[in-house]
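Q: Submitted below is the structure of interest, expressed as structure tokens.
The values are calculated or read from the model by the stated rules, or taken from the named source; none is laboratory data. Remember, predicted model here, so these are calculated numbers, not experimental data. Counting neighbours? That spans all protein chains shown, and the Cβs are built from the backbone with ideal geometry, glycine included.
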Ligand code: 5GP
């Protein structure tokens, strides 16, 4: 998605440790008009996949998933990171290792919100090593739900998550794939798609 690539070039900041900061428009302050166009693009890609639910992970995925859901007209479920006292009833739980924080944590989804027979689109802001998506896939597997695929805003193509998931047969659609980035020059190079 050219607009997203241009916005990354304009406002993204490359940090040491392979971290791309896009918090001025994507995952802290959010440009909702851009998120809406991102949602429309996910819909264009997955409109024939019979998606009836969008699954994401808190916190950064939620806004993106909600704008996408406006195009699909389906509910959003987000996997919760904290075990809240409000999470009652049976739960699906998966372990995720955070790329940005480096720690392992559990994500949970109430079983009543994800069922056998659901066809799920997974949405997230970034795909790096694939740990977050693997956690969501694990939860879908526990639920017996079908996975239509993943819609990712920014894939870091120099990390193995995207290649591993595609090799495992998961459809992964990334709107911008970063081929390389340099924290000294700030240069970001995108894969031609
Ligand atoms: P993965 O689980 O694929 O290794 O990493 C994806 C998760 O880590 C995403 O949910 C995202 O929040 C976070 N993440 C990974 N790489 C980056 C990055 O370069 N910048 C930001 N802002 N978040 C990232």
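Q: Identify the single condition in (1) more than 15 Å from the chain's Cα centre (by Cα); (2) part of a strand (DSSP E or B); (3) buried (at least 18 other Cβ atoms within 10 Å of the Cβ); (4) more than 14 Å from the ligand (Cβ to nearest atom) that residue 14 does not satisfy, given that it satisfies every other one.
A: Just one mismatch for residue 14, condition (4).
Q: What is the residue count in the range 99-130 for residues that are near the ligand (Cβ under 7 Å from one of its atoms), more than 21 Å from residue 43 (Cβ to Cβ) and surrounded by 14 or more Cβ atoms within 10 Å (Cβ to Cβ)?
A: Looking only at the range 99-130, we keep the residues that are near the ligand (Cβ under 7 Å from one of its atoms), and these are 99-100, 124-130.
Applying the additional criterion that residues be more than 21 Å from residue 43 (Cβ to Cβ) yields 99-100, 128-130.
When the remaining residues are screened for being surrounded by 14 or more Cβ atoms within 10 Å (Cβ to Cβ), the result is 99, 128-130.
Within the range 99-130, residues that are near the ligand (Cβ under 7 Å from one of its atoms), more than 21 Å from residue 43 (Cβ to Cβ) and surrounded by 14 or more Cβ atoms within 10 Å (Cβ to Cβ) number 4.
Q: Can you tell me which residues in the range 40-61 are under 15 Å from residue 120 (Cα atoms), more than 11 Å from the ligand (Cβ to nearest atom) and outside any loop (DSSP other than H, G, I, E, B)?
A: We begin by selecting, within the range 40-61, every residue under 15 Å from residue 120 (Cα atoms); these are 42-43, 45-57, 61.
Retained after the next criterion (residues that are more than 11 Å from the ligand (Cβ to nearest atom)): 42-43, 45-55.
Answer for the range 40-61, where residues must be under 15 Å from residue 120 (Cα atoms), more than 11 Å from the ligand (Cβ to nearest atom) and outside any loop (DSSP other than H, G, I, E, B): 42, 43, 45, 46, 53, 54, 55.
Q: Looking at (1) touching a residue at least 24 places away in the same chain (Cβ under 8 Å); (2) in contact with a helix residue (DSSP H, G or I) (Cβ under 7 Å, 6 or more places away or on another chain); (3) part of a loop (DSSP other than H, G, I, E, B), which is the only condition residue 89 fails?
A: The failed condition is (1).
Q: Among the residues of the range 20-30, is any farther than 18 Å from residue 101 by Cα, at pLDDT 95 or above, touching a strand residue (DSSP E or B) at 6+ places or on another chain (Cβ under 8 Å) and within 16 Å of the ligand (Cβ to nearest atom)?
A: Our first condition is that a residue be farther than 18 Å from residue 101 by Cα; within the range 20-30, this holds for 24-26, 29-30.
Next, only the ones that are at pLDDT 95 or above stay: 24-26, 29-30.
Add one more test, that the residue is touching a strand residue (DSSP E or B) at 6+ places or on another chain (Cβ under 8 Å), and what stays is 26.
Checking which are within 16 Å of the ligand (Cβ to nearest atom) leaves us with 26.
Yes, the conditions are met somewhere in the range 20-30.
Q: Now a separate question. Hey, can you tell me all the residues within the range 125-163 that are out of contact with any helix residue (DSSP H, G or I) (no Cβ under 9 Å at 6 or more places or on another chain), without any contact (Cβ under 8 Å) to a residue 40 or more places away in the chain and in a loop (DSSP other than H, G, I, E, B)?
A: Result: 144, 160.
Q: If a residue must be under 20 Å from residue 151 (Cα atoms) and in a strand (DSSP E or B), how many such residues does the range 109-122 contain?
A: Final tally of qualifying residues: 5.
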